[in-house]
Amino acid sequence: MRDEQDIIGRIQRQFPPRKIARKWLSIGVGDDAATLDLRGWGDHEMVLSTDWSLESIHFDARIHPPQVIGYRALARATSDLAAMGAAPRFFLLSLALLKSRAGGWLDRFAAGLAEAAREFGMELIGGDTSANSRIAISITVGGSVRRGHALTRSGARVGDQIFVSGTLGAAQLGLELLQCGAKPSSQISADERYAIERHLRPRIRIGLGQWLAGESPRGARIASAAIDTSDGLSTDLGHLCEMSEVGARIYARDIPMLKNAVASQHKDSRAKDRGSNSDALQRALDGGEDYELLFTVPWRTARRLPRQLKCDGGVSLTRIGEITKATRGSKSRIELISYSGQSTPLAAAGWDSFRFGT
Ligand SMILES: [Mg+2]
């Protein structure tokens with residue numbers, strides 16, 4: 001008979017007590033609530049965020065293995081801390097699931113979660129469980145950032161240069177390949193394998209976020225504004241522009257994306273011809289879940305910005321456009337310059353669960 005205590009025990013087994021007793025965690029998992037002692041945090045303030053991962057909305061239990069669901073649930077929540085320039089520290093997990101998933105499925109889910117927690121340096125400090133007909137995961141994450149250094153969406157100014165880390169659209173391509181039945185082990189190109197990997201195990205940009213926030217002592221903040229690309233460039237850049245009360249001009253030819261990902265070797269006909277330039281651009285503009293950082297940098301700093309950083313296992317930085325004045329009366333704040341040099345307004349067409357959810 002599986003009861004709540006058994007479920008909690010299975011999760012906790014994946015999170016053995018660490019030798020390095022965290023100075024700031026006075027009371028952790030097991031009591032009614034956790035207590036944190038922030039005196040050891042020095043000149044840092046706490047950053048909090050919360051995120052849903054829901055079956056049939058954010059993942060599909062038929063194509064996503066339980067480890068992947070666990071890993072991605074923590075990664076997508078923690079990416080919001082990275083976007084603020086914060087160092088991840090802890091998380092709380094609320095989990096609802098069918099009784100039939102409370103055995104081996106749960107063990108593998110918790111293993112994926114624990115793997116992400118180790119990678120990001122986070123402590124599980126509490127949570128709650130319940131029975132439910134569909135899997136529902138709510139994760140609250142906490143981190144720390146140097147006082148006054150948090151990156152916001154509202155700091156972009158006219159003339160600032162717009163940058164993005166890594167590539168855009170890869171996670172969307174990876175999802176499409178998986179939906180067509182491709183497997184990481186099947187006969188696919190290196191780009192396609194990379195795309196699937198980016199979907200299954202997003203590489204969130206924790207080190208880059210801290211670098212942009214000027215985390216080192218006496219370090220100056222580098223970015224004027226930042227957001228993570230969870231919903232797609234057209235939507236996320238729109239959020240940033242709205243909060244900063246500015247517009248943006250971006251150039252199609254400068255957007256970093258996988259151009260050679262053609263799934264033509266794949267047997268399923270639906271996966272064919274996925275490599276055209278326009279498809280790749282569409283995915284880069286509207287495909288979500290890349291969890292890259294989209295940020296703005298004052299013009300003077302932009303000239304000195306390296307194209308490659310060693311943090312986060314190596315990350316490239318690409319300039320994709322500039323911040324402009326918001327145009328009155330225009331529906332879109334973003335102007336896209338096409339490959340041929342034509343200017344068109346870019347509407348937000350990225351992920352929105354109220355548009356796409358079941
Ligand atoms: Mg976000």
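The values are calculated or read from the model by the stated rules, or taken from the named source; none is laboratory data. The model shown is predicted, which means the values in this text are computed figures rather than measured ones. Using ideal geometry, Cβ is built from the backbone for each residue, glycine included, and neighbour counts are taken over all protein chains shown. Please note that ligands, DNA and RNA were not included when accessible areas were found on the heavy atoms of the full protein model with its side chains. Shrake-Rupley method; radii C 1.70, N 1.55, O 1.52, S 1.80 Å.
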- So which residues in segment 286-320 are open to solvent by less than 50 Å² (accessible area, probe 1.4 Å) and polar (S, T, N, Q)? Thr296, Thr301, Ser316, Thr318
- Message: With free of Cβ contacts under 8 Å to residues at least 40 places away in the same chain, more than 16 Å from the ligand (Cβ to nearest atom) and either farther than 30 Å from Arg221 by Cα or among the polar types (S, T, N, Q) (or both) as the only criterion, which of Arg118, Arg101, Arg108 stands out?
- Response: Arg101
- Message: Is it the case, given these coordinates, that Gly321 is within 24 Å of the chain's Cα centre (by Cα) and over 25 Å from Gly159 (Cβ atoms)?
- Response: no
- Task: Being farther than 27 Å from Gly85 by Cβ and surrounded by 12 or more Cβ atoms within 10 Å (Cβ to Cβ) is the filter here, so list the residues in segment 1-38 that pass it.
- Result: Arg2, Glu4, Asp6, Ile7, Ile8, Arg10, Ile11, Gln12, Arg13, Gln14, Ile27, Val29
- segment 198-232, subset in contact with a helix residue (DSSP H, G or I) (Cβ under 7 Å, 6 or more places away or on another chain) and in a helix (DSSP H, G or I), residue surrounded by the most Cβ atoms within 10 Å (Cβ to Cβ): Gly209
- Within segment 39-85, can you find the residues that are open to solvent by 60 Å² or more (accessible area, probe 1.4 Å), within 12 Å of the ligand (Cβ to nearest atom) and not aliphatic (A, V, I, L, M)? Thr50
- Note on the structure: When segment 185-197 is checked residue by residue, the ones that are open to solvent by 10 Å² or more (accessible area, probe 1.4 Å) and part of a helix (DSSP H, G or I) are Ala190, Asp191, Arg193, Tyr194, Glu197
